[in-house]
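Enquirer: Let me give you the structure first, and then I'll get to my questions.
What follows draws every value from the coordinates through simple rules; no lab data is involved. Bear in mind that the values here come from a model prediction, so they are computed numbers and not experimental data. Backbone-built Cβ (ideal geometry, glycine too); neighbour counts: all protein chains shown.
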Ligand code: SF4
């Protein structure tokens, strides 16, 4: 196959202006971009108007791909720490250092003496997603951590328990719905989260133009709330009380109707019994919505033919995250909106989806607790331990103490609760390797850093997000720019690391390693047909070969020639310039997409029914009078975009939003500094007084705090911001999913003078 961009790469110095089409890898929205290049320099980035999925939409972050590519702080060569100082090294030297230090450590202390942490950007990289598991398997450690337990694990667990797979997430059919209830999410800024929906604003406006209603429930009048038909404040952490009361109302008023999924549902009676104590009157004080408002929301949902409930980060990053996520889909099921056009539906992804492979309509379901964390005993979920357990696993002596760590595209020191404790723990490791593009607040602790190519130098296909997309599609992008000489692709780096861990050393050729692994995988998946699959994919290698196999054996695939009109990688690549291949609106998929052992939707998993006792007990707990939550800004994405000029300019964004009545009673001035404390932990932040906050709630965005020594982010450090995660307690988590509690945490706040700062405070008025 011939790809235009690849051809051009061979003639870097004499390239004419060229136009390239690239899926944006920076957030879940997966927008199609049009990128113009002159003399190997990006001269413009805009939305690709013909893109079948995003239709030309772009946000400011997409434009920043140019800044990211050109960032002088982005690593272009491996770094090896010598005598405590990073020095540039060749790839051979870097791999040799790993081979010298890692295998002896594993031999002496065992496999569980290693740990891996993988961050959010990896979800956008087919090379990392498809080859990182091979490294983790080779390590054989149970100490696998990721950003999932700082973010969406409750949603994945609830979906897995109900529908049978972790990525079987019910998605609002926004193009056809007449009522969308959004809880704890801000899709106008995020363009969806566990729901890939670029240009949410236009879709919401279109819904309103046809008479539909958007209602938002959030402790802040968010950007989404600002365009909504109604907005209700909710106490942070109050979602489970609201949602259970809505479910109780449906039963109490005889409003349940399962619609098309009626014969595929188990457990309705058990749920009715379990939610009986959650009357709106009993829950109103705890969630902050009046009982009549709760009932009215339930009635509207039940009486609207096409309606959907969508909830995200605020409902997940709290102590009742799994319960809240479960109750959201409970509302969709009980009102007949699950698997119904205009309600919530399941995507049918062209490749890699577990709910399109194997026997339709039945499966193994999901399990948790197959092993536990050594120190806390926290159960494994989706193969991972809670991210908040990492520091104690490093600190605590004994068999299985973590002594060597791999980090992949993560800045856990800024993105995890009690980052200062984690930073101190990282300093005690015997060995640490990071795959990363920056020396940031986490990778500064590494012994070896292996850089990735720039996003513009990567082949791209989204593995996960087509499974969460508002519309079915198949799109992929070739590299826009050539890689620097000697820079391996990420999957090649991971294969080398895997070989070192397996005792093969760093010298085997990557191609031979990849071919051997592919042959093994193909035999396992295709048995007697394995050789035919290998023959059909000749000329391909790495992730592209895996993708070709996944597309061709997927639900729209050509079946390796049996269905000639079906998809292949070549066909999807050929559609790159025309915006990809549209595979149509989401369609009802129950029962074929279910992968539960019963072949039914499990409404009443015992673990969830049992956990429902916790919020009932919690009703007696006094409520703090001031709590903190995070927030999302369109110009940032977690911790790693604060070093890009086009995003860093403009008003300072890491401000603490405080309601005027709270500002008055606490003596806080707009623009002045305040100390925010939780227990013994505290940070300084700049106050912004705003009535968009619910009284009693303060909002500070996460991912900031770029003032730690040793990081090399020269622009970010100029306005470092306050790190909300430095305030949070790593011991607080949702016990079912292991997800960290990032919102609704009690704080105190008081004004300080700039001169009153302690020596550890680096925040200053901006
Ligand atoms: S919303 Fe912005 S960052 Fe996200 S994919 Fe689209 S252009 Fe990229």
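Enquirer: Note the full-extension length gain between residue 672 and residue 210 as 0.36 nm times their separation in residues minus their Cα-Cα distance, in nm to one decimal.
Expert: Numbers: separation 462, 0.36 × 462 = 166.32 nm, distance 4.49 nm.
Result for the pair: 161.8 nm of gain on full extension.
Enquirer: Moving on to the next point. If a paramagnetic tag sat 7 Å from the Cα of residue 427 along the Cα-Cβ line, which residues of the stretch 61-98 would have the backbone N under 16 Å from that point?
Expert: Residues 84-85 fall inside that zone.
Enquirer: Continuing with the same structure: Mean residue ellipticity at 222 nm from the helices of the chain, using -39,500 (n - 2.57) per DSSP H segment of n ≥ 4 over the full residue count, to the nearest 500 deg cm²/dmol? The partial results should precede the final answer.
Expert: Numbers: 27 runs with 233 residues, N = 766.
Computed mean residue ellipticity for the chain: -8500 deg cm²/dmol.
Enquirer: Efficiency by 1/(1 + (r/R0)^6): what FRET value for residue 582 and residue 282, r their Cβ-Cβ distance, R0 = 30 Å, to the nearest 0.05?
Expert: Numbers: r = 48 Å, r/R0 = 1.60.
After rounding to 0.05, the efficiency reads 0.05.
Enquirer: Could you work out how much longer the chain between residue 372 and residue 292 gets when fully extended? Use 0.36 nm per residue separation minus the Cα distance between them, nm to one decimal.
Expert: On the way: separation 80, 0.36 × 80 = 28.80 nm, distance 4.34 nm.
Difference between extended and current length: 24.5 nm.
Enquirer: Counting other C-beta atoms within 10 Å, which of 34, 395 has the fewest, and how do the rest follow? Don't skip to the end; give the middle numbers.
Expert: Numbers: 34 20, 395 15.
Going from least to most buried by this count: 395, 34.
Enquirer: Over all alpha-carbon pairs in the stretch 621-756, figure out the percentage whose distance exceeds 24 Å. Each step should come with its number before you reach the end.
Expert: Values: 2842 of 9180 pairs.
I get 31 percent for the Cα pairs in the stretch 621-756 exceeding 24 Å.
Enquirer: Give me the distance in nm between label points sitting 7 Å out from Cα along the Cα-to-Cβ direction at residue 649 and residue 83, one decimal.
Expert: Label-label distance for residue 649 and residue 83, simple model: 4.2 nm.
Enquirer: Grab the Cα-Cα distance for residue 607 and residue 536, subtract it from 0.36 nm times how many residues apart they are, and report the gain in nm with one decimal. Please list the in-between numbers first.
Expert: Numbers: separation 71, 0.36 × 71 = 25.56 nm, distance 4.56 nm.
Separation in residues times 0.36 nm, less the Cα-Cα distance, equals 21.0 nm.
Enquirer: Let me ask something additional. What is the percent of Cα-Cα separations in the stretch 669-713 that go past 15 Å? If you can, show how the numbers build up before the last one.
Expert: Values: 572 of 990 pairs.
Of all Cα-Cα pairs in the stretch 669-713, 58 percent lie more than 15 Å apart.
Enquirer: Which percent of Cα-Cα pairs in the chain sits in each 20 Å bin, short to long?
Expert: Percent of pairs per bin, in order: 17, 52, 30, 2.
Enquirer: Taking every Cα atom in the stretch 131-249, find the radius of gyration and the maximum pairwise distance Dmax, and write them in Å.
Expert: Cα only, the stretch 131-249: 17.4, 55 Å (Rg, Dmax).
Enquirer: Please arrange 199, 67 by counting, for each residue, the other beta carbons lying within 10 Å of its beta carbon, fewest first.
Expert: Numbers: 199 22, 67 19.
Least crowded to most crowded, the residues run 67, 199.
Enquirer: For residue 100 and residue 524, what does the FRET efficiency come to when R0 = 25 Å and r is the distance between their Cβ atoms, rounded to the nearest 0.05?
Expert: Details: r = 33 Å, r/R0 = 1.33.
Rounded to the nearest 0.05, the efficiency is 0.15.
Enquirer: Looking only at Cα atoms, what is the convex hull volume of the stretch 24-152 per residue, in Å³? Numbers along the way, then the final one.
Expert: Numbers: hull volume 21.7 nm³, N = 129.
It comes to 168 Å³ per residue, whole-number rounded.
Enquirer: Give the order of 750, 69 when sorted by the count of other beta carbons within 10 angstrom, beginning with the fewest. Walk me through the numbers before you get to the answer.
Expert: Details: 750 12, 69 17.
Ascending Cβ contact count within 10 Å gives the list 750, 69.
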